[in-house]
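Trainee: Just passing along the structure, written as structure tokens.
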Amino acid sequence: VQLQASGGGLVQAGGSLRLACAASTSISSINFMGWYRQAPGKQCELVASITSSRITNYANSVKGRFTITRDNAKSTMYLQMNSLKPEDTAIYYCNSLRFGITYWGQGTLVTVSS
């Protein structure tokens, strides 16, 4: 499975961005998909995840601001990010777990200016 992340960019604090993660194959059989991020000098962290049953989970730091969704028909996962803060600045990576194998996208940079 190849994952292609897109949608990053520069936005002012309080603004919004929508990230997309397009998969090279059907995602209907992929139980776990998630967005991770890595900020400069910090560890990589799981931001949000979604299962094939559309059960979602969020890091406390983004709850109420970010929404993860998946569109199986388009083989794409999304991360809607609202009320962005400077501390959300990071490279965002999409991830999937399929049949015990983990796949990573190439990352997309999100920069939030104050």
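Trainee: What net charge is computed for the residues neighbouring I27, neighbours being all others with C-beta under 15 Å from the C-beta of I27, Lys and Arg scored +1, Asp and Glu -1?
Mentor: Numbers: positive: R54, R70, K74, R98; negative: D71.
Counting the neighbours of I27, the net charge comes to +3.
Trainee: Moving to a separate point now. Near the amide H of G107, under 5 Å away, which other amide H atoms are found, from residues 5 or more places off or on another chain, if H is placed in the peptide plane?
Mentor: Counting only residues 5 or more places away or on other chains, the set is A5, C94.
Trainee: Round to a whole number: what % of the accessible area of segment 25-114 belongs to carbon and sulfur, probe 1.4 Å?
Mentor: Using a 1.4 Å probe with all protein chains present, segment 25-114 comes out at 51 percent carbon and sulfur.
Trainee: Quick one: ranking L84, L17, L97 by accessible area, 1.4 Å probe, largest first, what do you get?
Mentor: Result of the area sort, largest leading: L97, L17, L84.
Trainee: Could you give me the ³J(HN,Hα) list for segment 45-50, computed from phi with Karplus coefficients 6.51, -1.76, 1.60 and θ = phi - 60°, whole Hz, x at Gly and Pro?
Mentor: Here the 3J(HN,Hα) series is 10, 7, 8, 7, 9, 8 Hz.
Trainee: To the nearest 10 Å², what's R37's accessible area with a 1.4 Å probe?
Mentor: 20 Å²
Trainee: Where Lys and Arg each count +1 and Asp and Glu each count -1, what net charge lies around Q38 among other residues with Cβ under 15 Å from its Cβ?
Mentor: -1
Trainee: Just to be sure I understand the model, the point goes 7 Å from the Cα along the line to the Cβ. What's the resulting L97 to T67 distance in nm?
Mentor: Label-label distance for L97 and T67, simple model: 2.6 nm.
Trainee: I want the local charge near T56. Using Cβ-Cβ distances under 11 Å, sum +1 for each Lys or Arg and -1 for each Asp or Glu among the other residues. Don't jump to the answer; show the numbers that get you there.
Mentor: Numbers: positive: R54, K63, R70; negative: none.
Around T56, the surrounding residues sum to +3.
Trainee: I'd like to check one number: the per residue accessible area of the chain, probe 1.4 Å, reported in Å² as a whole number.
Mentor: Accessible area per residue: 51 Å².
Trainee: Moving on. Could you give the length gained by full extension between Q80 and N31, i.e. 0.36 nm per residue of separation minus their alpha carbon distance, to one decimal place?
Mentor: Between Q80 and N31, full extension yields 15.6 nm more.
Trainee: Now for a different question. Can you work out D for the chain in µm² s⁻¹ from Stokes-Einstein, where Rh is the Kirkwood radius over C-alpha pairs, the temperature is 37 °C and the viscosity is 0.692 mPa s? Don't skip to the answer; put the middle values down first.
Mentor: On the way: Rh = 13.9 Å.
Reported coefficient: 236 µm²/s.
Trainee: Residue separation times 0.36 nm, minus the C-alpha to C-alpha distance between Q4 and I55: what's the value?
Mentor: Full extension from Q4 to I55 adds 16.1 nm.
The values are calculated or read from the model by the stated rules, or taken from the named source; none is laboratory data. Predicted model, so just to flag it, every value in this text is computed and none were measured. Reconstructed Cβ throughout: ideal geometry from the backbone, glycine too, with neighbour counts over all protein chains shown. The accessibility values were calculated without ligands, DNA or RNA, using every heavy atom of the protein model including side chains. Shrake-Rupley method; radii C 1.70, N 1.55, O 1.52, S 1.80 Å.
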